[in-house]
1. Is region A:250-258 home to any residue that is under 20 Å from the mean Cα position of the chain (by Cα), surrounded by fewer than 24 Cβ atoms within 10 Å (Cβ to Cβ) and closer than 23 Å to B:Met125 by Cα?
2. Can you work out which of the residues in region A:152-176 that are touching a Phe, Trp or Tyr at 6+ places or on another chain (Cβ under 7 Å) and among the polar types (S, T, N, Q) is nearest to A:Leu128 (Cα to Cα)?
3. What are the pairs with Cβ atoms under 7 angstrom where one residue, in region A:82-99, is under 29 Å from B:Arg99 (Cα atoms) and within 9 Å of chain B (Cβ to nearest Cβ) and the other, located anywhere, is in a strand (DSSP E or B) and among the hydroxyl-bearing types (Ser, Thr, Tyr)? Sequence gap at least six, or different chains.
4. Please go through region B:132-167 and pick out each residue that is at the interface with chain A (Cβ under 8 Å from one of its Cβ atoms), among the small types (Gly, Ala, Ser), under 20 Å from B:Ala56 (Cα atoms) and within 15 Å of the chain's Cα centre (by Cα).
5. Out of A:Ala302, A:Ala273, A:Ala264, A:Ala311, which single residue is out of contact with any strand residue (DSSP E or B) (no Cβ under 6 Å at 6 or more places or on another chain), over 26 Å from A:Thr15 (Cα atoms), crowded, with 24+ Cβ neighbours inside 10 Å and among the hydrophobic types (A, V, I, L, M, F, W, C)?
6. Looking only at region B:168-187, filter to residues that are touching a residue at least 12 places away in the same chain (Cβ under 8 Å) and at the interface with another protein chain (Cβ under 7 Å from one of its Cβ atoms); which one of those is farthest from A:Asp98 (Cα to Cα)?
7. Failed condition for B:Tyr266, given (1) surrounded by 16 or more Cβ atoms within 10 Å (Cβ to Cβ); (2) among the aromatic types (Phe, Trp, Tyr); (3) within 29 Å of B:Cys121 (Cβ to Cβ), with all others met?
8. Taking region A:75-94 only, how many residues are in contact with a Lys or Arg (Cβ under 9 Å, 6 or more places away or on another chain) and crowded, with 20+ Cβ neighbours inside 10 Å?
Amino acid sequence: MGAVTPIGNSVGELTDALFRGVSGAGPLRRFDPGTLPTRFAAEVKGVKSEFRDVKIAFAVRAAREAMRQAFGPGEKMPARSRSALSAGLGLELFSVEDLVASRTPGFAPPEDRFARMTFLNTPSDLCLHLIGAEFRLNLPPMVHISACAAGTDAIGAGFQAIRDGVADVVLAGGTDSMINPMGLGGFCRITAPSTRNDSPETASRPFDATRDGFVLGEGSGFLVLEEESHARARGAASLARISGYGNSLDAHSVSDPHPEGAGALRAMREALASAGIGPDEISAVNAHGTGTPKNDPAETKAIRALLGPRADEVPVHSTKSMIGHLISAAGAVETIAAIQCIRARKMHATINLTKVADDCGLRHVVGEPLATPLRHVLKNSFGFGGQNACIVISQA
Amino acid sequence: MRILSTGWIGPEGLGVVGLPASLETPIDVAPLLKDRKSAKFMAKQDKLALIACHRAVQASGLRAEALAERTGIYLSVGPLPFEEPDLDLLHDKSIEEGRFSFRRATNEAFQAMNPLLTFKCLPNMPVFHVSFNLAIRGGYHVAYPGAGQFLTALDLALRDLRRGRFEHAIVGAVTDQRNTLTRHHLERGEPGASERAVDVACAWVVSTAGEGAASIRSLTLGYQPRDPFGEPVRARGPLLDVAAGTAGPALRVALDLASSRTRESYEWELEDGVTAQLELEGSA
């Protein structure tokens with residue numbers, strides 16, 4: 001696995017910070033937010049990017065860490081393996097600065113091909129081609145732009161490609177950064193992010209009674225998924241298993257989830273069926289848990305409907321409470337968090353959850369990490385436009 | 001698997017060979033909307049996708065009840081479009097003494113943006129509008145931006161159908177290219193391409209059973225990673241004379257089916273590095 005996040009630029013750093021309950025949010029440094037209603041975010045720290053679109057650098061770095069762990073330093077995909085990339089991608093980066101430059105009298109477009117390909121807007125799939133070439137992938141990349149569900153969809157599609165027998169190895173994950181004037185400005189216009197400017201570290205408050213929106217984050221996460229016999233043949237050890245996947249459409253509202261969580265429930269049930277397990281076998285839930293007024297109660301309803309009588313027993317947490325909402329990378333990084341919890345036999349807490357909202361009643365992990373064996377963890381991701389994706393992550 | 005039907009929208013007179021007299025695509029989505037108020041959230045790409053998918057579903061003869069949760073939507077979407085008036089607004093409110101001003105941009109330009117523009121910029125919105133207006137609540141896959149991504153979407157759909165996840169799949173591609181930002185992107189890939197660019201969408205209804213236009217015997221995909229900063233790769237294989245972006249392969253096959261000129265085998269090498277061989281059999 002590989003990760004670049006607001007609380008650590010490797011899986012090890014991320015894991016350490018999660019169990020210490022560290023928030024990655026702070027006042028914006030990348031640009032001056034002026035009088036935008038939200039003037040803070042969860043930014044990645046200390047990663048230099050040769051690309052103006054930093055999510056490209058995040059993706060390459062996370063993919064390299066994952067490949068190094070799976071195959072050793074400097075290794076590519078094994079020559080005879082059928083290998084693919086499955087990635088959730090964020091929006092193209094659009095530069096208003098370049099727009100102004102392009103309309104200035106005497107402007108000459110850049111001649112250098114690198115500069116031309118990143119002037120005005122940068123295609124988001126650039127990083128896929130760079131990764132594909134570096135690691136000699138030989139199957140087409142599966143690109144997912146299902147917004148907040150994209151990272152989970154990418155992992156699910158990778159899992160399914162291996163299960164269907166069309167791939168041996170899939171580098172699956174996501175990358176995103178909308179921490180730029182257009183991205184944050186756009187979200188502010190629809191009043192989606194928190195405006196807790198005086199206390200960014202406490203602003204991401206999933207399921208809390210005083211939550212007021214999500215905290216915009218950025219980063220990347222990648223996992224090397226490998227068919228079991230293929231891994232065994234080369235003596236590779238598994239960290240965990242992806243054992244099921246489901247997705248569904250709400251067909252309800254352009255911006256709001258179905259209030260009863262109906263679509264989310266269908267996706268969760270499909271993921272369990274795909275894994276061949278029932279709700280009574282779920283050990284924990286890594287929630288979508290954005291901290292928005294509408295997601296958290298709808299997700300709560302769906303989880304309660306799924307778990308039935310066990311709804312007050314199965315622990316639930318939200319990684320977004322610490323790293324913010326990584327949009328297209330969220331599902332991937334949160335899956336890595338869930339895997340690290342499985343391996344450590346404990347769940348990180350949901351920070352900033354001081355008073356559970358009346359309509360968000362679940363068994364929330366608060367305060368200290370919860371020591372508990374975790375056999376099957378359900379990971380939820382729900383995107384704008386009612387796109388719901390869920391995977392089941394199991395012990396190795 | 002059967003291609004029950006296809007549907008598309010593009011310039012009038014669009015054919016496989018040559019350019020139509022006008023490259024503009026007339027769009028009227030109003031009659032298809034479940035809720036007329038949702039039109040304000042729709043970008044051109046959303047409207048194109050809905051019209052093409054609706055036409056394909058109508059032509060298939062499938063009723064709404066047959067779709068619902070037994071259908072998946074698999075769409076490939078083109079690069080981010082941005083219309084001139086919106087660019088003008090951003091530009092005019094971001095300059096100070098003739099130069100870009102971060103202060104003005106964050107204080108004025110973004111505050112002046114229509115909030116609905118946020119939804120119009122989200123590339124996954126075509127899937128929402130299709131699912132909402134056609135009442136489809138099964139699964140989805142939404143990809144971007146090259147012609148090869150329509151074929152990976154088709155591959156995913158075929159595997160889902162074979163596995164029995166769904167009975168029907170709406171597989172399509174949509175691209176709004178006649179706007180300032182996408183034209184800029186096209187020109188850096190192939191100078192002159194923007195002059196042939198069209199706004200198009202094409203959708204196929206693929207099913208596990210039923211009679212239809214053709215059967216898909218096989219789809220084989222490969223990949224040759226390309227250097228995104230190197231010389232652009234020119235696509236090879238049966239495509240159209242117009243530049244149809246991600247919808248190119250889908251539209252070519254659909255137009256061939258409509259004119260009974262279907263090939264048994266389509267082989268492509270595409271700009272995004274995807275290679276594909278699609279084998280079809282004629283309808284019974």
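The values are calculated or read from the model by the stated rules, or taken from the named source; none is laboratory data. In this text, all values refer to a predicted model and were calculated from it rather than measured experimentally. No Cβ is skipped: glycine too gets one built from the backbone with ideal geometry, and neighbour counts run over all protein chains shown.
1. The answer is yes, given that some residue of region A:250-258 is under 20 Å from the mean Cα position of the chain (by Cα), surrounded by fewer than 24 Cβ atoms within 10 Å (Cβ to Cβ) and closer than 23 Å to B:Met125 by Cα.
2. A:Thr175
3. Sorted first by the residue in region A:82-99, then by its partner, the pairs are A:Glu92/A:Thr122.
4. B:Ala143
5. A:Ala302
6. Within region B:168-187, the match that is farthest from A:Asp98 (Cα to Cα) is B:His185.
7. Looking at each condition in turn, B:Tyr266 falls short on (3).
8. Number of matching residues: 5.
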